[in-house]
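The values are calculated or read from the model by the stated rules, or taken from the named source; none is laboratory data. Owing to the predicted nature of the structure, the values given are computational and were not obtained by experimental measurement. All Cβ positions, even for glycine, are placed from backbone atoms using ideal geometry, and neighbour counts span all protein chains on display.
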Amino acid sequence: MSAMALTSASLFGLCGAALVGIGLFCIVSHPDLLRRIIGFNILGAGIFLVFGAVARRGAAMELGGDPVPQAMVITGIVVAFAATALAIALLRRLASLTGSATFEAPAAPPRSEP
Amino acid sequence: MGLADAFTLVCAVAGAILFLAGTLGLLRFPDTLSRLHALSKADSLGLGLIVLGLLPQQASLMGGVKLICIWLLAQLSAATASQLIAGIAARRKPQA
Amino acid sequence: MSLFWSISLLFDIALVAGLIALALHVVVTRDGRGAILAFIAFGLLLGIGWARLASVDVALTEAAIGGGLTGMLLLRAHAHLARHAAPPPPVAPEPRRWLVPAIACGLVTLALTAVVLAFPQPAPSLAHQAVASLETTGLGNPVTAVLLAYRAIDTLLEKIVLILALVGVWSLSRDAAWGGASQLQPAVVPEPLVFLARVLPPFGVLIAVYEVWVGADLPGGTFQAGTILAAMALLVMLAGLRPAPPTQARALRVMLAGGPALFVLVGFLGVAVAQGFLSYPEAIAKPLIVGIEAALTLSIAGTLALLVAGPPDRAPEP
């Protein structure tokens, strides 16, 4: 395990930590529900990158990384896609039924001056 | 450094410069069609040069054939995408 | 050597900076479609990042699913929302709306950063065990061995999650459209798209078969191949060459359930002839695994394509 591979693994691990924060912020603070779904995917990508750093650090036996976390990430990417598809179907139905793509209360109508 | 390595280096650097120029064009050119022109140049010639440069590094003939297949597939999809974008741009123009 | 060292580290730093910039752009931009395009670029860059982490299997999956299929799903949803929903009301950028969440999320990032920096040294690894037992599976790619032999139960459950998600998506159709097909073809199909949909699918099928076959020994496998097949099916349906299949068609449902069903069947066979559920007799481990992979590829391809297509919106023909 060379020092360079270690440094690069930690770098991507730190990137994963930053992406988790950014994705989480998008989910809790953005009014647009479609944007929240994208935020969920960014959050997932960040967690997978932390796994990737773990896998890269576990390189041994002439493998580039530990295959177990790698396989878990592949499974995770597919499951995240399934969850995204279900969320988008729910959102499309919500928009068709209510005409709105957000949970925010509709903007108050401008008060007309008497 | 052997002759093959020098060839790879020259081709890959030339390809990378083309990609850089194409990206600059994409960012700086004023209208859709000229931006497309910059992008497709980078896509076809830049990727072509990088593939050409990587050919001598392949251990087997199959590796080289795969590289060329990748380039051809990228050509096909890039040409189609350019046509689609240009078609939309041409349809929008009369209204603008 | 040290020059190579620093150039390669510089490349990684640029890649990470690009990823974070794109993620921030998704959060702050007002343009909904721009956010989706940034996310697609993010997925492709992340694919390069996985290749830098020497996880080529993950890189292929991320580029195909994270960038490609999710991007298409989001773009179609955006177009649907633009037609059916009022644009979200502009939110006044009051600090109290974003300050507290920003601090909380920053703390989460800080905690994770501390975890990443405190990883144990030397790093624990299951690579030795994975390689040591590789011979008994007849495979050469340890990732495929983890997915389909050592941790086959995870992969099986994941397949069932995919099917459940599809059932969930279908159940969101209107009552009248239950069992019908989804409408993918746009009103006007541009000529070049039809050309691409005629030329590309044979090559796509060839590449998918190659990925499954080579996935036993080299990077590649069922997920990547299934995604390519799904993309080809979606291309053909988008160009209007073939309509989307009605979701009540029996052949379609058999194809979707076939992969997981075969997996479960082989699993119970393991109870009878090998050491337990999902264990393979050593002599025929590789043919069994490749057979399961082939069936799984077809059902993954169908499930992914139909998840992108969304709930049926046309009534079935009687």
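For (1) touching a Pro at 6+ places or on another chain (Cβ under 6 Å); (2) more than 30 Å from A:LEU86 (Cβ to Cβ), each residue gets a yes or a no:
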{"position": "C:HIS78", "(1), (2)": "no, no"}
{"position": "C:LEU81", "(1), (2)": "no, no"}
{"position": "C:PRO124", "(1), (2)": "no, yes"}
{"position": "C:VAL143", "(1), (2)": "yes, no"}
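Every condition in (1) aliphatic (A, V, I, L, M); (2) within 30 Å of C:ARG174 (Cα to Cα); (3) at pLDDT 90 or above holds for C:ALA249 except the one numbered (3). Checked against (1) farther than 25 Å from A:ALA82 by Cβ; (2) modelled with pLDDT of 90 or more, C:ARG96 passes all but condition (2). Based on what the data block shows, is A:ALA45 farther than 18 Å from C:GLY66 by Cα and within 7 Å of another protein chain (Cβ to nearest Cβ)? No; evaluated as a whole, the condition is false for this residue. Among the residues making up the range C:204-229, those that are modelled with pLDDT under 90, hydrophobic (A, V, I, L, M, F, W, C) and out of contact with any Lys or Arg (no Cβ under 9 Å at 6 or more places or on another chain) are C:VAL212, C:TRP213, C:VAL214, C:LEU218, C:PHE223.
Filtered by the rule that a residue be more than 7 Å from every other protein chain (Cβ to nearest Cβ) and surrounded by 24 or more Cβ atoms within 10 Å (Cβ to Cβ), the range A:67-89 gives a lone residue, A:PRO69.
Quick check on B:ALA42: is it touching a residue at least 12 places away in the same chain (Cβ under 8 Å), under 24 Å from C:ALA197 (Cα atoms), among the aliphatic types (A, V, I, L, M) and assigned to a helix (DSSP H, G or I)? Taking the combined requirement at face value, the residue does not satisfy it.
When B:THR32, B:THR8 are screened for being crowded, with 19+ Cβ neighbours inside 10 Å and of a type outside the set (A, V, I, L, M, F, W, C), only B:THR8 passes.
Kindly check whether there is at least one residue in the range B:88-96 that is under 16 Å from B:ALA16 (Cβ atoms) and in a helix (DSSP H, G or I).
Keep residues of the range B:88-96 that are under 16 Å from B:ALA16 (Cβ atoms), which gives none.
Looking for residues that are under 16 Å from B:ALA16 (Cβ atoms) and in a helix (DSSP H, G or I), one finds none in the range B:88-96, hence no.
Taking the criterion of being polar (S, T, N, Q) and either modelled with pLDDT of 90 or more or farther than 16 Å from C:ASP12 by Cβ (or both), the residues of the range C:49-73 that qualify are C:THR61, C:THR70. Taking residues in the range B:12-35 that are assigned to a helix (DSSP H, G or I), and partners anywhere that are of a type outside the set (A, V, I, L, M, F, W, C) and exposed (fewer than 14 other Cβ atoms within 10 Å of the Cβ), the pairs with Cβ atoms closer than 8 Å and at least 6 places apart or on different chains are B:GLY25/B:SER34. The residue that is surrounded by the fewest Cβ atoms within 10 Å (Cβ to Cβ), among those in the range C:122-142 that are under 17 Å from C:SER279 (Cα atoms) and touching a residue at least 60 places away in the same chain (Cβ under 8 Å), is C:THR136. Among the residues of the range B:70-85, those identified as facing chain C (nearest Cβ under 9 Å) and over 14 Å from the mean Cα position of the chain (by Cα) are B:GLN83, B:LEU84. Picking from A:ALA59, A:ALA55, A:ALA45, which residue would you name as being in contact (Cβ under 8 Å) with a residue 40 or more places away in the chain and either crowded, with 24+ Cβ neighbours inside 10 Å or more than 20 Å from C:LEU22 (Cβ to Cβ) (or both)? Every option except A:ALA59 fails the conditions. Given the conditions (1) touching a residue at least 24 places away in the same chain (Cβ under 8 Å); (2) more than 24 Å from C:SER125 (Cα to Cα); (3) out of contact with any strand residue (DSSP E or B) (no Cβ under 7 Å at 6 or more places or on another chain), and given that A:ARG36 satisfies all but one, which numbered condition is not satisfied? Of (1) touching a residue at least 24 places away in the same chain (Cβ under 8 Å); (2) more than 24 Å from C:SER125 (Cα to Cα); (3) out of contact with any strand residue (DSSP E or B) (no Cβ under 7 Å at 6 or more places or on another chain), only one is false for A:ARG36: (1). Within the range C:134-160, the set of residues being of a type in the set (S, T, N, Q) and within 10 Å of chain A (Cβ to nearest Cβ) comprises C:ASN141, C:THR144, C:THR155.
Looking at the range C:211-225, can you tell me whether even one residue there is without any contact (Cβ under 8 Å) to a residue 12 or more places away in the chain and closer than 23 Å to C:GLY259 by Cβ?
At the first step, the residues of the range C:211-225 found to be without any contact (Cβ under 8 Å) to a residue 12 or more places away in the chain are C:214.
Those left that are additionally closer than 23 Å to C:GLY259 by Cβ: C:214.
There is at least one residue in the range C:211-225 that is without any contact (Cβ under 8 Å) to a residue 12 or more places away in the chain and closer than 23 Å to C:GLY259 by Cβ.
Counting only helices (runs of 4 or more DSSP H) that sit completely within the range C:189-279, those holding 2 or more residues that are surrounded by 18 or more Cβ atoms within 10 Å (Cβ to Cβ) and within 12 Å of chain B (Cβ to nearest Cβ) correspond to C:191-214, C:222-238.
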